[in-house]
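Structure first, commentary second.
What follows draws every value from the coordinates through simple rules; no lab data is involved. Just so it is clear, the model here is predicted, and its values are computed rather than measured. Using ideal geometry, Cβ is built from the backbone for each residue, glycine included, and neighbour counts are taken over all protein chains shown.
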Amino acid sequence: MKKQIIFIHGGNSFESYEDYFDSLKNSNPSIDWFIYRKKWIDNLYKKLSGEFEIFAPHMPNKQNAKYEEWKIWFEKIMPFIEDEVIFIGHSLGGIFLAKYLSENIYSKKINAIMLVAPPHTDTSGIGSFKLEKSLDRIAEQCSEIHLFQSTDDLVVPAGEAQLYKRDLPEIKLHIFEDRGHFNQESFPEIIKLIKAMD
């Protein structure tokens, strides 16, 4: 049986509907926001689907995400997951996994959690995803914990990685200087790391 990867994408969350509505009205997107571009999850699937079963659920209402809604949908996946799963969360998906595993006991053995540019506390747009409990439970449940951050990220301040390191001393930081918010077509480092896991 193939090992499994669950990838949770990013999104935005707001304190209120009015904040969300204001953001919609006042945003000034460039053409790049609307043109489809390959993402590194596509490349991850291409490179690893022979060895892994990859789940990439579309989480509810990603433009105005609510933690409780994501939690309900995430738990719908659980009956299909086996031991030794690898969790990957990008941006809001990263803080979602951190919050979920800090507040809940996951029913299966987790081989690794990989957080890619996850906000912690100093980032706007996390709304109901705020971390409210100790992160100790993450270390208790995950064999390996990795965090990827770039110092030139304009979405999530680079210092957020150090807040995770403070709260989770076991975390292995992978710091880059030129990846922005990891909106890239490939992510060879994360693929190499996954392939190296037992």
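Before moving on, here are some points about what is shown:
- Residues of the range 117-140 satisfying the condition of being touching a strand residue (DSSP E or B) at 6+ places or on another chain (Cβ under 8 Å) and under 12 Å from TYR164 (Cβ atoms): ALA117, PRO118, PRO119, ILE138, ALA139
- Top-ranked residue of the range 1-24 - restricted to ones that are part of a loop (DSSP other than H, G, I, E, B) and more than 14 Å from the chain's Cα centre (by Cα), ranked as nearest to PRO118 (Cα to Cα): PHE14
- Residue that is surrounded by the most Cβ atoms within 10 Å (Cβ to Cβ), among those in the range 1-24 that are free of Cβ contacts under 8 Å to residues at least 40 places away in the same chain and of a type in the set (S, T, N, Q): SER23
- ILE138 being crowded, with 20+ Cβ neighbours inside 10 Å and either in contact with a Pro (Cβ under 6 Å, 6 or more places away or on another chain) or of a type in the set (Gly, Ala, Ser) (or both): no
- Qualifying residues in the range 139-197 (those that are charged (D, E, K, R) and touching a Ser or Thr at 6+ places or on another chain (Cβ under 9 Å)) - the one nearest to ILE110 (Cα to Cα): ASP167
- Some residue of the range 150-160 being among the aliphatic types (A, V, I, L, M), over 21 Å from SER102 (Cα atoms) and crowded, with 20+ Cβ neighbours inside 10 Å: no
- The residue of the range 62-74 that is farthest from GLN4 (Cα to Cα), among those that are of a type in the set (Phe, Trp, Tyr) and surrounded by fewer than 23 Cβ atoms within 10 Å (Cβ to Cβ), is TYR67.
- All told, PHE182 falls short of being part of a strand (DSSP E or B) and surrounded by 21 or more Cβ atoms within 10 Å (Cβ to Cβ).
- Selected residue (criterion: farthest from GLU144 (Cα to Cα)) from residues of the range 75-111 that are aromatic (Phe, Trp, Tyr) and surrounded by fewer than 23 Cβ atoms within 10 Å (Cβ to Cβ): PHE80
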